[in-house]
Amino acid sequence: MLEHAPGWDAALAEASGRRAATQGARQRRPLSPQPGMRVTDGRRSWVNFSGNDYLGLAAEPALAEALADAAKRHGVGSGASALVTGYSPAHQRLEDGLADYLEREAVLLCSSGYLANLAVSTSLATRGDCIVQDRLCHASLIDAARLSGARLRRYPHADEAGMERQLAAAGTGRTMLVTDGVFSMDGDVAPLAPMAGLAARHGALLVVDDAHGIGVHGPGGRGSAFQAGLGQDEVPVLVGTLGKAFGSCGAFVAGSRAL
């Protein structure tokens, strides 16, 4: 009960009723990970086809032991933002290691993939600029584009002719061409090589959110851009996550030191 705001009780009850009537109400079920890509509720065990822990690393005993050891040495929280006192040597080593792994000049860690995408679009684009996106881009990319203040133009899914039209119509200002590397709902891969050519021809900055590709696709699991034979010059901005194939949490932006 919200004793000091009774009107909200009625509003919440009404909203819950609407969701239940349209089968929109969802419930969380406590599940524990198990080795071998399985989860359990304590009574039964299932093979997990619904999660993002593609390599089964989240429940890997050796990684759990390493995490426990790191927590003893470094604590369980940073205690502050990275710009104050919360940036540790461990963070720096992780950034440097990811940069080496992805063959990028630099990496910047973020708390989540949503925040990484938000940081990219709101830092690089503003009013007068244009962001061109695939119609099936992740919701975080759409939110980030809208919050940037730039014009948002979208093309039919993976449609190269549609990309060309939207880039040609972008107008004055700077242009970003943004896509998922692997699309999370359907699992298909963006046509990154043709997109790199289009971006170069139109002077656009190609941004690839490869949250579902890094760790799985390409040589050494380096992602969809590597699989397409593209490096930092062709894909200047690469967003990845640590919460999927790497089995942990957090995210990062990879690119040049200037970026």
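Numbers for the structure displayed
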{"item": "Antiparallel bridge percentage (DSSP; both residues within the range 89-255; nearest 5)", "result": "35 percent"}
{"item": "For the chain, calculated [θ]222 nm from helices alone, where every DSSP H run of n ≥ 4 adds -39500 (n - 2.57)", "result": "-10500 deg cm²/dmol"}
{"item": "Total formal charge among the other residues, if their Cβ is under 14 angstrom from that of LEU205, Lys/Arg +1 and Asp/Glu -1", "result": "-2"}
{"item": "Cβ crowding within 10 Å averaged over residues, with 201-213, 179-191 ranked highest first", "result": "201-213, 179-191"}
{"item": "The range 245-259 - phi-based ³J(HN,Hα) in whole Hz, Karplus 6.51/-1.76/1.60, Gly and Pro as x", "result": "4, 7, x, 10, 8, x, 7, 7, 10, 10, x, 6, 5, 4, 4"}
{"item": "Principal axis dimensions, largest first and in whole angstrom, of the range 89-255 by Cα", "result": "44, 28, 28"}
{"item": "Per-residue Cβ neighbour rank within 10 angstrom, fewest leading, ILE131, ILE142", "result": "ILE142, ILE131"}
{"item": "Approximate spin-label separation ALA10-THR122, in nm, with each point projected 7 Å along Cα-to-Cβ", "result": "3.6 nm"}
{"item": "Sorted by Cβ neighbour density within 10 Å, fewest at the top, the residues SER50, SER78, SER256", "result": "SER50, SER256, SER78"}
{"item": "Stretchable slack from THR22 to LEU63, in nm (0.36 nm times residue separation minus alpha-carbon distance)", "result": "10.6 nm"}
{"item": "Under 5 Å, built H, 5+ apart or other chain: amide partners of ASN48", "result": "ARG38, VAL39"}
{"item": "Amide H contacts under 5 Å for VAL216, placed H, 5+ residues apart", "result": "GLY223"}
{"item": "J(HN,Hα) series, the range 37-51, from Karplus relation 6.51 cos²θ - 1.76 cosθ + 1.60, nearest Hz, glycine and proline x", "result": "6, 10, 9, 9, 9, x, 10, 10, 10, 10, 6, 9, 9, 9, x"}
{"item": "Point-charge dipole on Cβ atoms (K/R +1, D/E -1) for the chain, about Cα centre, debye to 20", "result": "540 debye"}
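Every number here is computed from the coordinates shown, using simple stated rules; none is lab data. Small disclaimer: the values here were computed from a predicted structure and weren't measured. With ideal geometry, Cβ positions are generated from the backbone for all residues, glycine too; neighbour counts draw on all protein chains shown.
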